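Data block below; observations after.
Please treat every number below as a calculation from the coordinates, not as lab data. This is a predicted model, so every value here is computed, not measured. All Cβ positions, even for glycine, are placed from backbone atoms using ideal geometry, and neighbour counts span all protein chains on display.
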Amino acid sequence: MGFLSLSYFLFFPLTALVYFLLPGRGRNGWLLACSWFFYLCAGPESFPFLLGAALVTYFAARALEKRPRKGLLVLALCLFIGVLFLFKYLDFGASLLVRALGWVGLDWAPAVPKLLLPAGISFYLFAAMGYLMDVYRGRLPAERSFVRCALFLSFFPYLLSGPIGRAEQLLPQFNETHRFRYDDLREGLLRFLWGAFQKLVLADRLAAVVDTVFAAPDQFGAVQVAAAACAFSIQIYCDFSAYSDMALGSAKAMGFTLMENFRTPYFSRSISEFWRRWHISLSTWFRDYLYIPLGGNRKGRARKYLNLLAVFAVSGLWHGAAVSFLVWGLLNGIYQVVGGLTAPARTRVRAVLHLGEDSKITALWQMFCVFVLATLAWVFFKAGSVSAALAVLRGMVTGPLWVPPLSGMGMDRWEFLAAGAGFLLLFAVDAARQKTDVARRVLEAPRWVRWCVYLGLLVIVVVFGSYGSGYDAQSFIYGQF
């Protein structure tokens with residue numbers, strides 16, 4: 001049941017309507033039942049894992065509050081990590097073992113069962129582990145109600161692809177009585193509609209170019225391959241930001257506030273700033289539960305950079321069990337290490353050129369560099385293997401500049417025009433968000449302005465959206481993680 005499916009357009013209004021009609025004591029139970037139904041629609045075989053995670057989390061947190069034993073915390077974390085490894089990394093680990101044995105002359109290949117990855121498991125297990133570590137540290141009490149604890153892991157807006165829930169933010173909201181507010185409904189629906197625009201008009205349309213060129217980069221010119229790599233940078237941003245916006249919008253319409261997951265990351269002036277703006281729920285999770293426990297920046301520069309590389313290596317593997325994801329993560333870590341080491345030299349160069357730190361030329365150059373570096377790293381994320389990624393990178397610098405026709409890239413001229421117009425709208429809104437809260441300005445505008453925005457966005461999505469078979473949106477990229 002995707003956010004942009006007819007079934008969700010029936011499910012969500014019914015869920016919200018009954019939620020507001022029920023007395024306060026029955027609302028969390030209703031939300032939990034609806035969230036579990038939502039998850040069952042993603043695959044009934046995945047539900048036992050979600051239920052098991054909820055039971056382990058609830059009882060482990062209660063035990064850790066009563067007696068914060070490190071061994072119990074480690075046991076629970078190992079259980080969750082073990083489940084993740086079994087379903088997500090077993091085949092990858094076995095392939096690495098076979099390669100290692102081959103290097104020493106042993107020819108042995110273990111029989112690895114093909115296991116179906118449970119939907120959303122990386123997201124709710126990370127939420128569970130963060131909650132248990134917070135209880136162990138005494139940062140928050142264990143939740144007394146199993147319903148509220150299970151709802152924290154299962155709340156349907158963020159269950160499948162985040163944002164990753166943080167107990168300190170969400171559990172108090174499940175203890176509150178949320179009354180229907182028209183302002184919440186307006187804000188939530190506007191955000192949902194903006195997410196639909198990013199997904200249907202941009203992400204799904206750009207996917208045609210990206211998939212076509214990445215599948216055979218040697219058949220296209222350098223400009224086309226580079227354009228496809230840039231298109232993927234925009235596609236993955238619009239795709240994941242769209243999911244986050246629709247998740248936050250759905251929750252807001254019911255009175256709940258989720259963590260912001262994106263803050264216009266391509267307007268960042270450094271890779272470290274980029275990661276403070278991109279997938280914020282995951283970045284802050286790694287910061288709080290891995291980087292800081294490893295020592296953070298408290299044990300000298302060398303240890304800080306090693307910690308950064310370790311965190312981004314783990315982040316890469318979190319996204320997928322492949323060497324290409326590991327390379328993508330390490331590249332982002334290396335960017336930050338190099339950036340830190342070269343910061344004094346770059347400051348001296350700007351001084352020689354009489355460029356202020358906050359001058360427009362400096363800011364634009366830094367944002368351009370961030371986009372280029374991020375795009376080069378995204379090639380490894382998208383390609384599926386290191387060899388395929390290197391083929392794409394070679395395609396950017398070898399061969400002819402352009403191979404006609406334009407339609408050979410997967411879209412015709414009108415599709416390119418629609419994508420270009422959509423990108424200009426996205427860029428204008430994101431640029432305005434650097435100085436003002438665009439959504440708030442729209443919501444506080446006169447009624448005729450608001451309705452022009454609502455209807456304009458709706459028409460753009462309906463008329464210019466890129467639809468698949470049955471008029472459904474394509475699957476979200478982060479749904480596979």
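Where only DSSP H runs of four or more residues are counted, the chain gives -22000 deg cm²/dmol as its mean residue ellipticity at 222 nm, each run worth -39500 (n - 2.57). In this calculation the C-beta distance from Lys299 to His354 is compared with R0 = 35 Å, giving a FRET efficiency of 0.40. For the stretch 228-299, applying the loop criterion from DSSP together with a ceiling of 10 other beta carbons within 10 Å to the trypsin sites (Lys or Arg not before Pro) yields Arg298. Using the Cα gyration tensor of the stretch 284-389, with a ≥ b ≥ c the square roots of its eigenvalues, what is the shape: rounded (a/c below 1.5), prolate (a/b larger than b/c) or oblate (neither)? Oblate shape, in that a/c is at least 1.5 and b/c is the bigger or equal ratio.
Here is the list for the stretch 155-205: chymotrypsin sites (Phe, Trp or Tyr not before Pro) lying in DSSP coil, each with at most 14 other C-beta atoms within 10 angstrom of its C-beta, are Phe180. When Rg and the Kirkwood Rh are both derived from Cα coordinates, the Rg/Rh ratio for the stretch 184-480 amounts to 0.98. For the stretch 1-73, just say rounded, prolate or oblate: build the C-alpha gyration tensor, square-root its eigenvalues into a ≥ b ≥ c, call rounded for a/c under 1.5, and beyond that prolate if a/b exceeds b/c, oblate if not. Cα axes put the stretch 1-73 in the oblate bin.
Of all lysines in the structure, those lying under 16 Å Cα to Cα from Lys360, and not within fewer than 8 positions of it along the same chain, are Lys435. Treating r as the C-beta distance of Leu10 and Glu176 and R0 as 30 Å, the FRET efficiency rounds to 0.65.
Length gained on full extension, Arg413 to Gln366: 13.7 nm, using 0.36 nm per residue less the C-alpha separation.
For the residue pairs Lys70/Lys299; Lys88/Lys382; Lys199/Lys304; Lys114/Lys304; Lys70/Lys252; Lys70/Lys304, the C-alpha atoms sit more than 29 angstrom apart in Lys199/Lys304; Lys114/Lys304; Lys70/Lys252. The slack between Ser385 and Leu117, meaning 0.36 nm per residue of separation minus the straight C-alpha distance, is 94.5 nm.
A Förster radius of 56 Å, combined with the Cβ-Cβ distance separating Thr398 from Arg25, puts the computed FRET efficiency at roughly 0.25.
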